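K.L.:
Before I ask anything, let me first share the structure, which is written out below as structure tokens.
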Amino acid sequence: MFSKLNQWLAQFSFGISGSEKILFAQHLALMMKTGMGQIEALRVIQGQTQSSQFKRILEDLITNLENGQFLSSSLERYQRIFGDFFINIIKLGELSGTLPGNLEYLAQETRKKQELEAKVRSAMIYPLVILFATVGITSVIIFFVIPKILPIFASLKIDLPQSTRFLIWSISFFRDNFVWIILGFLAASAALIASVRIYRIRNFYDRVLVSLPLIGKIIVYYNVVNITRTLGVLLKSGVKIIEAFDITAGLASNTEYQKVLKESVDRVKKGETIYGYISTQTNLFPSTVGRIIGVGERTGNLDANLFYLSEFYENELDQIVKNLSSVLEPAMLILMGGIVGFVAISIITPIYQVTQSLRR
């Protein structure tokens, strides 16, 4: 009864973090290597974790193991939380008698994926931070500094420059419609988030993102690294190629890659090569990927070639992320300087006109 309750609660919760999954795999591998049984090891991990959600899951796993179930079959009840990749690697370890080694490898690969996601996230967040800083500084000037100067402009009997008139109009517009602008922004954000749940719209977004100049390259390399690494791990662990592609397709976050991977499964079932189809998807996979996969298929070293590709494109992605900040920082600073400069000129120009007229 309590086992079913724990399972039910877990399925309606927010899951567990990547760090907790790494802790689970790494610590379980370590303790099993020292000769500790799975149940005892899980109790130790349960005592270490601070997450009440994870404690409930571990309690359910322990109960299932005590009832004679395999760890992988117990984890299948929490497929939404752990995912097919995680569960399948554990299942293969149980079948081959290499569970501690598979768990260790799983922890290593999960950590690599987590680090990769953090790098990409930081690359995406940095421009937004600069943009918000620009908007913040401009807002302070527009809403707090300029309103104190406007009465002076109103008292001046001169023809104000176009830039100053545009600035005054902008301030009046934002001040008079501030509530509607905020509501409109919130409504648009909510509509965007809701629309992503509709497959066709999400697929359109994914297609557009991949085609963007710099961001698109980051997304392509990120997906190539994840896909090649996941496929490499699954194939090396003994998963059949069709099942490996099915699992990887389910893990892909971009719908364009999901479609390509599912289509690859259909092509392989018909007796075609992976290279033959992947090499035509040049917008999603660089030509090098297709060629090295083709070599791997011919030589029987597909898993090793996939690992090589994941390492190569992870290094390439690292370089792009590093270069991104060096490119975006001056660009965003120029944008910030341009906005602040426009506001400054719009304020100074009429004052300068007045001083010039007084001298005459």
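The values are calculated or read from the model by the stated rules, or taken from the named source; none is laboratory data. Bear in mind that the values here come from a model prediction, so they are computed numbers and not experimental data. Cβ placement follows ideal geometry from the backbone for every residue including glycine, while neighbour counts extend to all protein chains displayed.
K.L.:
Does R298 qualify as being exposed (fewer than 15 other Cβ atoms within 10 Å of the Cβ), in contact with a Phe, Trp or Tyr (Cβ under 9 Å, 6 or more places away or on another chain) and over 30 Å from F153 (Cα atoms)? Show your work before the answer.
P.N.:
Numbers: exposed (fewer than 15 other Cβ atoms within 10 Å of the Cβ): yes; in contact with a Phe, Trp or Tyr (Cβ under 9 Å, 6 or more places away or on another chain): yes; over 30 Å from F153 (Cα atoms): yes.
When the stated conditions are applied, R298 passes them.
K.L.:
In addition: May I ask you to list the residues in the stretch 94-105 that are modelled with pLDDT under 85 and not polar (S, T, N, Q)?
P.N.:
Matches in the stretch 94-105: L95, G97, Y105.
K.L.:
Ok, one more. Within the group L324, L335, L309, which residue is more than 26 Å from the chain's Cα centre (by Cα) and in contact (Cβ under 8 Å) with a residue 60 or more places away in the chain? Show your work before the answer.
P.N.:
Working: L324 fails: more than 26 Å from the chain's Cα centre (by Cα); L309 fails: more than 26 Å from the chain's Cα centre (by Cα).
Going through L324, L335, L309 in turn, the sole match is L335.
K.L.:
Any idea which residue in the stretch 85-114 is surrounded by the fewest Cβ atoms within 10 Å (Cβ to Cβ), counting only those that are over 23 Å from the mean Cα position of the chain (by Cα) and of a type in the set (S, T, Y)?
P.N.:
Ranking the qualifying residues of the stretch 85-114, first place goes to S96.
K.L.:
Of these, S346, S325, S287, which one is at pLDDT below 90, over 24 Å from P127 (Cβ atoms), assigned by TED's automatic domain parsing to the domain that holds I141 and surrounded by 12 or more Cβ atoms within 10 Å (Cβ to Cβ)?
P.N.:
Values: S325 fails: over 24 Å from P127 (Cβ atoms); S287 fails: surrounded by 12 or more Cβ atoms within 10 Å (Cβ to Cβ).
Among S346, S325, S287, only S346 is at pLDDT below 90, over 24 Å from P127 (Cβ atoms), assigned by TED's automatic domain parsing to the domain that holds I141 and surrounded by 12 or more Cβ atoms within 10 Å (Cβ to Cβ).
K.L.:
Pairs, please: C-beta under 8 Å, at least 6 apart or cross-chain, first residue in the same structural domain as F24 (by TED's automatic domain parsing) and in the stretch 78-91, second surrounded by fewer than 19 Cβ atoms within 10 Å (Cβ to Cβ) and hydrophobic (A, V, I, L, M, F, W, C)?
P.N.:
G83/L251; D84/L251; F85/L251; K91/F70
K.L.:
Right, next: Please list, ordered by first then second residue, the pairs with beta carbon atoms under 9 Å, 6 or more apart or interchain, first in the stretch 262-285 and in contact (Cβ under 8 Å) with a residue 60 or more places away in the chain, second among the charged types (D, E, K, R) and surrounded by 12 or more Cβ atoms within 10 Å (Cβ to Cβ).
P.N.:
So the pair list comes out as N283/R207; N283/E256; L284/E256.
K.L.:
Answer yes or no as to whether L160 is in the same structural domain as Q356 (by TED's automatic domain parsing), in a loop (DSSP other than H, G, I, E, B) and touching a residue at least 40 places away in the same chain (Cβ under 8 Å). Even if it seems obvious, please write down each step before you answer.
P.N.:
Numbers: in the same structural domain as Q356 (by TED's automatic domain parsing): yes; in a loop (DSSP other than H, G, I, E, B): yes; touching a residue at least 40 places away in the same chain (Cβ under 8 Å): yes.
Spelling it out, L160 is indeed in the same structural domain as Q356 (by TED's automatic domain parsing), in a loop (DSSP other than H, G, I, E, B) and touching a residue at least 40 places away in the same chain (Cβ under 8 Å).
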